[in-house]
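Each remark here refers to the structure printed beneath this line.
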Amino acid sequence: MEYMRMLGVATLQTRVVMLVDLDYFFAQVEERRNPSIRDKPVVVCVYSGRTEESGVVSTANYIARRFGVRSGMPIILAKKRLKGVEAVFLPVDHDYYEEVSERVTTILRGNADDFERVGIDEAYLEVSRRVEGDFGRAAALAQLIKGEVRDREGLTCSVGVGPNKVVAKIAADAKKPDGLTVVRPGEVVPFLSPLPADSLIGVGKKTAERLEALGVKTIGDLANYDVQRLIECFGKSLGTYLHNASNGIDDEPVQERGEAESISRIATLKEDTLDLRGIIEVTDRLCKEIHESLVQRGLSFKSVGIVAVMKDLSIRTRSRTLESPTDDVGVLRGAVKELFERFLGESEIEARRVGVRVSGLVKGMETQRRLTSFF
Ligand code: TTP
Ligand code: MG
């Protein structure tokens, strides 16, 4: 082992991954800004402007959730549920939440070997090296991080710790708000088995319905389902993923998304839709434009991302990192199609605008090959 280390060869050790998710984020930031609303139901809204009350709920604090208020619900319905209660309705202040999010990101990044922000209030931290594969130390580190976020930003978060991203994510959802759930490698299967199949990332409403038709309700059912049949039903990529993830297997790396250097294009759809074919028609055009720009600049990309601005104006993003950089427009189109396929399967509301982004940009592979063959 020592000898391997001397040679600089990475030794195999248990991975330890954390998912940190801020609690009722937008509403919690509003509570912190104005602590006098803390004991009341707080509902943060995206007002569409058509009438005074038209629009949807972005998020709500846990007091409001006890009255049945949920993200994505029409404001009118939230008001109905809170009738007779002294509740606070506020408009979203996205720029402010983004600022807070960036400061939290800095705290989290400082506690990770590798870091990946996945949304405005969520990030993966690879901590394998700093805790030397020890889950007890990881739990202590998670408490430390929660303390730092609380002391410096006045916010609570929920943390999941597991041997990979899939497990960490589900663990973080297991106890909220202000939760900490640690799932050691030996506990993964019993932890996952009883949970509904749609607790897995990537299993949205549609996929869950199709699984249910196959008699698959829990992650345990999915883990025991024949992998070949899953591939027949869902295609190679999703089928293999469902099989592995339900068995607690996932080796997706935690990695920074390289957002600093990226090329992106976005377009508004003719009508709000969830139809894959219509969306792909638009994104194929965006891919072509991005490809042109890449060729002009002699660049290859390592990551592909999609963005969707939904009917309620919320913004959703997904991305994938490739095994090696490429400038192939076919690979780009394929990755975008796959990401949208999975994303649309999970989404309940229609998309209004869609976009494509490539990042992790490096100088073109062709150039590199030519240079190497020169010597
Ligand atoms: P989430 O982390 O999904 O939700 P949350 O942080 O409000 O609550 P939880 O305690 O369950 O983690 O989303 C993060 C933020 O994204 C949320 O505060 C508001 C915004 N958002 C929307 O605008 N619309 C939506 O439909 C959802 C789900 C979130
Ligand atoms: Mg959250």
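Some notes on this structure:
- Of all residues in region 113-153 being part of a strand (DSSP E or B) and aliphatic (A, V, I, L, M), the one that is farthest from the chain's Cα centre (by Cα): 125
- Residues of region 154-180 satisfying the condition of being of a type outside the set (A, V, I, L, M, F, W, C), surrounded by fewer than 22 Cβ atoms within 10 Å (Cβ to Cβ) and more than 15 Å from the chain's Cα centre (by Cα): 154, 156, 175, 176, 177, 178, 179
- Search result, residues across region 272-290 that are of a type outside the set (S, T, N, Q) and either in contact (Cβ under 8 Å) with a residue 60 or more places away in the chain or outside any helix (DSSP H, G or I) (or both): 272, 274, 275, 276, 279, 280, 282, 286, 287, 290
- Inter-residue pairs, beta-carbon under 6 Å, first more than 20 Å from residue 126 (Cα to Cα) and of a type in the set (A, V, I, L, M) and in region 153-177, second within 11 Å of ligand 1 (Cβ to nearest atom) and part of a helix (DSSP H, G or I), 6+ apart: 155/28
- Within region 112-131, tally of residues that are of a type in the set (D, E, K, R) and away from ligand 1 (no atom under 16 Å from the Cβ): 5
We did not get these values from a lab; they are worked out from the coordinates using the rules stated. Here the structure is a predicted model, which is why all the values come from computation and not from measurement. Every residue, glycine as well, gets a Cβ built from its backbone with ideal geometry; the counts of neighbours run over all protein chains shown.
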